[in-house]
Structures are given as structure tokens and as C-alpha cells.
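Novice: I am attaching a structure below and will ask some questions about it afterwards.
Values quoted throughout were computed directly from the atomic coordinates according to the rules given, and no laboratory measurement underlies them. Computed from a predicted model, the values in this text were never measured in an experiment. With ideal geometry, Cβ positions are generated from the backbone for all residues, glycine too; neighbour counts draw on all protein chains shown.
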Amino acid sequence: MTPPGFLFCCDPLRPRLPDPQFAQEAAAARRAGAQTALVDHDALLAGDAESAVGGVRRDSGPYWYRGWMIPPARYPELERALSARGCSLLTDASAYRTAHELPGWYEAFSELTPRSVWRALPAGEALPDGSVWSRLAGALAPGPGIVKDFVKSRKHEWHEACFVPELGDADRLASVVGRFLELQGDFLAGGVVLRAYEPFVPGGEARVWWVDGEAVRVTAHPDTPDRLPSPGLDAVGEAVRALGCRWVTTDMALREDGTWRVVEVGDGQVSGLPAGDDGGSLFEALLRP
Ligand SMILES: Nc1ncnc2c1ncn2[C@@H]1O[C@H](COP(=O)(O)OP(=O)(O)O)[C@@H](O)[C@H]1O
Ligand SMILES: [Mg+2]
């Protein structure tokens, strides 16, 4: 059997080279013994998956993808286009959606992550009345909350579009969700998630990288590259194994009461490394049979 390779995103300006954001990683993957190929992320998102994989050699093996996030609705198109060239992805479309979107991973992590509720908002559908959000928040305890979509928050617009001081304040909740939706616009992923706020100790999150249910690396979170906390992982490993996805990340934060919590889960293929970290031994773990 052909050993796994890596599909990196190409540089949109020089499509024969990896995107500068991933060039160091592509070199590290090759040093680890993997073959690498390039996919055109712009073409994939524009709906032209066939051109996106035009540079991937026929029958060149199963691949891990490594690059920019792919909307879960586009991922099957990448899968099909690769399959037409006799190639495959080691994370299938269903596993990708499961790890990438909160509703997919929430149940497996429900004891380890802030309580959350959500409402899907299919693209093109009229936005619901603001009162919907209070009814949704009714399933959470009163107190502060966080707004995000199935994948991302607007954490850099914290007071305006992320943090809700009191979920019971219907007007404020509707205003924060409304602003969040306005800022996300067409890039809204899946729908709206409301989460109970938990007080975390400042000091940065740890990003734990899991391959086949084993923690293979702990890195700093890309937002706080110079801080590397070391979280307790026993219960998290069980949840990761219950999730059943081969390559995932868990972002961990220390709650003020001393408990390590999972802030979010991600598909490892599209989780960022902190600046200056080329992945190194991560790629070796992904090449093990
Ligand atoms: N439930 C929560 N309680 C407290 N802080 C939170 C909560 N959810 C998110 N945060 C804070 O907001 C940041 C962004 O949230 P996160 O879910 O990781 O979204 P993103 O995908 O945008 O990184 C987190 O790193 C954390 O600092
Ligand atoms: Mg995050």
C-alpha cells in the first residue's frame, strides 16, 4: 500500500509552490519522509474541485490534507475529485464535519466543555426574530455567555459580538447575536452557538494534537505562541477516542477552580500551529502505519 502523503494548499500567486503559510510545514513533512502535493484552495471554494486537484498525481496514494479550513459542504467535492484520480483522504467528509463543527463534537465532550446550545441557520434562509435567542438560551443557566458559529467566534470583537454579560438580558443577547451575524455575513459557518461562560485563568490555551486517540504533541495556541501550559489529559483522551476521528486537536484552558476544560475541538488538518513551529514530529506520528 502507498504510504500516506500530505496535500498542502498552494500559493494562490505561484500555484507550483506551497502557500507561504504552510511552506515550512511542507518541508517538515518531506523531511519526515512523506510525499507532498498541492491543492488549490481558491478553486476548491469556487466549486472547481477538479482544477483544485489538477496537480495531484494519479494513484499517488491516500492523503492527509493540511491547509486552510474547508467548509464541510465543499469537503465531499474534494474527496470525489481525488477519488477520480485514484487518490483518497484519510479523514472522510463525515469525520471532518464531526471534528470541525461544534454540534459534531459536543456530545462526546459534554462533560469537559462549557454547556452549549445551537440553532442551524442554512445559507439563504431569512434570519429569525431576535426573540429566538432568548428561547435558545433558556436551556443554559442564567449568567454570562459566549456567542459563536459552528466553527469560529468573533473573539476580537469581544464586547460587541462575542461576550454576553447576562444571557437573561434578552435585548443585549439579541444585540450581540445580531452584530455577530452581521459581521460573519456570508461566512457564517452552520449557525449560531450559545455557550455558558466559564472563568479561565489568563495564561493561554494549550492545543493538544491527537492521532488515533493518542496525544502526540502539545503546542501553544497560535494566539499565545510564547505560552505553553501543560494540561491534564486523561478524560480528554477518552472523549477523543469516543469521537472516533483520526486526527483532531483539543484546545484546553485552565478554569479558575483548577479544572482543565476543552474550549474547542478541531480537525487536525485545519488547526493552526503557533508561529515558528513547523509541525515536526506531528508529521512523523501521522505517517505511522
Ligand atoms: N464558554 C467560554 N467561557 C469563557 N471563555 C470562552 C468560552 N468560549 C470561548 N471563550 C474564550 O473565547 C476565545 C475564542 O473562543 P473559541 O471557541 O476558541 O473560538 P475561536 O474558534 O474563534 O477561537 C477562547 O479562546 C476563550 O478565551
Ligand atoms: Mg479557539
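Novice: Would you kindly give the portion of the calculated P(r) for region 146-205 that falls above 17 Å, as a percent of all Cα pairs?
Specialist: 36
Novice: What distance in nm separates the two pseudo spin-label positions at R255 and V132, each 7 Å out from Cα along the beta-carbon direction?
Specialist: Taking the simple label geometry, R255 and V132 are separated by 3.0 nm.
Novice: Quick one: length gained pulling R172 to R58 fully straight, 0.36 nm per residue minus the C-alpha distance? Walk me through the numbers on the way to the answer.
Specialist: On the way: separation 114, 0.36 × 114 = 41.04 nm, distance 5.45 nm.
Difference between extended and current length: 35.6 nm.
Novice: Another question, if that's okay. Given a Förster distance of 30 Å, report the FRET efficiency between M1 and S230 from their Cβ-Cβ distance, rounded to the nearest 0.05.
Specialist: 0.25
Novice: Where the Cα atoms of the chain are projected onto their three principal axes, how long is each span, largest first, in whole Å?
Specialist: Projected onto the principal axes, the Cα atoms of the chain cover 57, 43, 32 Å.
Novice: Here's another thing I want to ask about it. How many angstrom lie between the C-alpha centres of region 233-289 and region 100-149?
Specialist: Here the answer is 23 Å between Cα centres.
Novice: Rounded to whole Å and ordered largest first, report the semi-axes of the equivalent ellipsoid of region 5-90 derived from its Cα gyration tensor (root of 5λ).
Specialist: 18, 15, 11
Novice: While we're looking at this one, here's another question. Determine how many Å³ per residue the convex hull of the Cα atoms of region 218-261 encloses.
Specialist: 83
Novice: Let me ask something else about it. How much of the DSSP beta bridge set in region 5-90 is antiparallel, as a percent to the nearest 5?
Specialist: Counting DSSP beta bridges with both partners in region 5-90, the antiparallel share is about 10 percent.
Novice: What do the square roots of 5 times the Cα gyration tensor eigenvalues come to for region 143-259, in whole Å, largest first, as semi-axes of the equivalent ellipsoid?
Specialist: Listed largest to smallest, the semi-axes of region 143-259 are 28, 17, 14 Å.
Novice: Grab the Cα-Cα distance for W158 and S281, subtract it from 0.36 nm times how many residues apart they are, and report the gain in nm with one decimal.
Specialist: The W158-S281 span can extend by a further 40.8 nm.
Novice: Now for a different question. A73 to E182: FRET efficiency via 1/(1 + (r/R0)^6), r the Cβ-Cβ distance, R0 22 Å, to the nearest 0.05?
Specialist: 0.50
Novice: Principal axis lengths of region 17-160 from Cα atoms, whole Å, largest first?
Specialist: Principal-axis extents of region 17-160 (Cα, largest first): 54, 33, 29 Å.
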